[in-house]
Amino acid sequence: MHTAPSYWEQQTWLRPADVAIVGAGLLGLWTAYELKRQRPHWRIVLLERAPYAQGASARNAGFACFGSPSEMLYDSRLNGEDAMLQVVEQRYAGIGKLRRVLGDDAIGFDHSGGYECYPDAPAEWDEKIAGLNKLLQPIMGTPQAFVPAHAQLPAMGMHGFGAMVANRLEAGIDSGAMVAALSKLVQQLGVQVLYGAEVLAKEPAADHWQLRTPNWQLRASQVLLATNAWLHHMAPTLGVVPARGQVLVSKPLPGLALQGTFHFDEGYYYWRHLPGQRLLLGGARNADVAGEQTLEMTTSAPIQQALEAFLIRHFPQYFTPQNIVVQIEYRWAGLMAMHPQKTPVLTQIAPGLWAAMCCNGMGVALAPRFAETVASAILTN
Ligand SMILES: Cc1cc2nc3c(=O)[nH]c(=O)nc-3n(C[C@H](O)[C@H](O)[C@H](O)COP(=O)(O)OP(=O)(O)OC[C@H]3O[C@@H](n4cnc5c(N)ncnc54)[C@H](O)[C@@H]3O)c2cc1C
């Protein structure tokens with residue numbers, strides 16, 4: 001049923017905006033923050049289809065990470081060393097900004113370090129780690145960003161790994177608390193956030209854009225599409241492919257000893273401790289790559305079974321084929337956006353119409369700094 005907006009509604013929440021941002025996930029929120037900070041008198045409106053950000057930002061694993069060794073080596077081969085370092089620098093600075101602007105308590109910053117595990121030490125690993133450390137020193141300010149940590153494996157109670165590298169600079173965060181704190185901050189700054197506002201269409205007019213939702217329209221001088229996986233159909237020319245990510249969280253596991261955030265298999269598996277001796281595990285997308293290229297935010301049997309098999313193999317003291325189902329308390333899916341370029345994407349689709357995405361599952365660290373680039377493009381348009 002169509003509910004026409006009242007005169008009062010149109011004079012209050014639906015007044016024309018200088019910038020309308022579609023999508024109130026991390027990138028939309030950080031961009032609104034930057035725009036409002038730099039143009040306090042501009043009217044910035046965020047339109048979010050769900051009751052709160054409901055794509056990736058509060059459905060992720062909460063790793064404040066800037067890259068594992070295997071990821072950096074892969075990105076170096078794909079985009080070159082300079083491009084890889086540029087992204088690492090943005091992520092490292094992004095984590096610093098996240099902490100500075102919101103505060104460690106508000107985001108549940110848990111500085112327990114990050115780790116990458118391997119079946120065995122990869123060939124020429126020591127030389128490769130030494131090479132990365134040298135490259136990273138100017139960014140991190142330490143000669144040893146990565147250190148060997150194989151000796152800690154038994155004490156952490158993890159089985160089936162032969163080697164591990166540690167990075168003390170990484171951390172875990174509370175994703176829900178982080179999004180809530182950032183949403184509160186932008187609203188305090190004067191950004192209008194409209195939840196339950198699904199943008200169905202964007203129509204160009206002479207000097208503005210008209211955004212259409214089921215019940216009302218909003219006029220905006222400029223529009224930013226920050227809808228991540230949904231750019232797949234909102235901005236098809238961008239070539240964004242949706243990638244579902246699935247996560248599970250165990251019941252409390254008495255005696256759980258590991259602390260930190262962990263990666264394995266080039267980041268296809270990731271796990272961490274949560275408060276209350278719980279274990280979070282996500283990933284396994286490589287078990288069904290084609291099936292996970294979807295906008296359905298539901299879990300699937302092949303991925304959940306691959307995650308369960310991982311737990312049984314690497315944490316047999318807690319998980320067996322007989323008890324695995326009762327040992328898992330939460331299961332969910334979120335949506336990432338993948339782009340072949342594997343670096344953040346900003347594009348002007350038409351005059352006054354922008355699209356941006358942080359890319360490939362690393363928005364916690366990338367969005368705070370990348371939002372500055374996005375805001376600056378909009379401000380200088
Ligand atoms: C399972 C999983 C684990 C992850 N783990 C990590 C991690 O540990 N560390 C890390 O750095 N990154 C991680 N990521 C990636 C990170 O969460 C994302 O890069 C980041 O949250 C992207 O933010 P965003 O604002 O671009 O997108 P989103 O958070 O997806 O926000 C887009 C928003 O647009 C809204 N929307 C869509 N269509 C419309 C419409 N038509 N009208 C209005 N609103 C609309 C959606 O509801 C959504 O809230 C993970 C992602 C997933 C899915």
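The values are calculated or read from the model by the stated rules, or taken from the named source; none is laboratory data. What you see is a predicted model; the values in this text were computed from it and never measured. Because the Cβ atoms are built from the backbone with ideal geometry, glycine has one as well, and the counts that use them run over all protein chains shown.
Per-residue answers, yes or no, for (1) of a type in the set (Gly, Ala, Ser); (2) closer than 23 Å to LEU258 by Cα; (3) touching a residue at least 12 places away in the same chain (Cβ under 8 Å):
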{"residue": "GLN304", "(1), (2), (3)": "no, yes, yes"}
{"residue": "TYR318", "(1), (2), (3)": "no, yes, yes"}
{"residue": "ASN323", "(1), (2), (3)": "no, yes, no"}
{"residue": "TYR330", "(1), (2), (3)": "no, yes, yes"}
{"residue": "LEU335", "(1), (2), (3)": "no, no, yes"}
{"residue": "HIS339", "(1), (2), (3)": "no, no, yes"}
{"residue": "LYS342", "(1), (2), (3)": "no, no, yes"}
Every residue in the range 85-113 that is within 15 Å of GLY267 (Cβ to Cβ) and either more than 18 Å from the chain's Cα centre (by Cα) or assigned by TED's automatic domain parsing to the domain that holds LEU281 (or both), please.
none
Is it the case that ALA243 is outside any strand (DSSP E or B) and closer than 30 Å to LEU274 by Cα?
no
Looking at the range 61-118, which of the residues that are more than 13 Å from the ligand (Cβ to nearest atom) and among the hydroxyl-bearing types (Ser, Thr, Tyr) is surrounded by the most Cβ atoms within 10 Å (Cβ to Cβ)?
TYR115
Just one of ASP104, ASP120, ASP126 is among the acidic types (Asp, Glu), at pLDDT 95 or above and more than 26 Å from ALA229 (Cβ to Cβ); which is it?
ASP104
Can you tell me which residue among LEU379, LEU335 is among the aliphatic types (A, V, I, L, M) and surrounded by fewer than 18 Cβ atoms within 10 Å (Cβ to Cβ)?
LEU379
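What do you reckon, is PRO351 farther than 12 Å from VAL247 by Cα and either at pLDDT below 95 or within 16 Å of the ligand (Cβ to nearest atom) (or both)?
Values: farther than 12 Å from VAL247 by Cα: yes; either at pLDDT below 95 or within 16 Å of the ligand (Cβ to nearest atom) (or both): no.
No.
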Evaluate the range 202-224: report whether one residue or more is at pLDDT 95 or above, within 13 Å of the ligand (Cβ to nearest atom), of a type in the set (Phe, Trp, Tyr) and not in a loop (DSSP other than H, G, I, E, B).
no
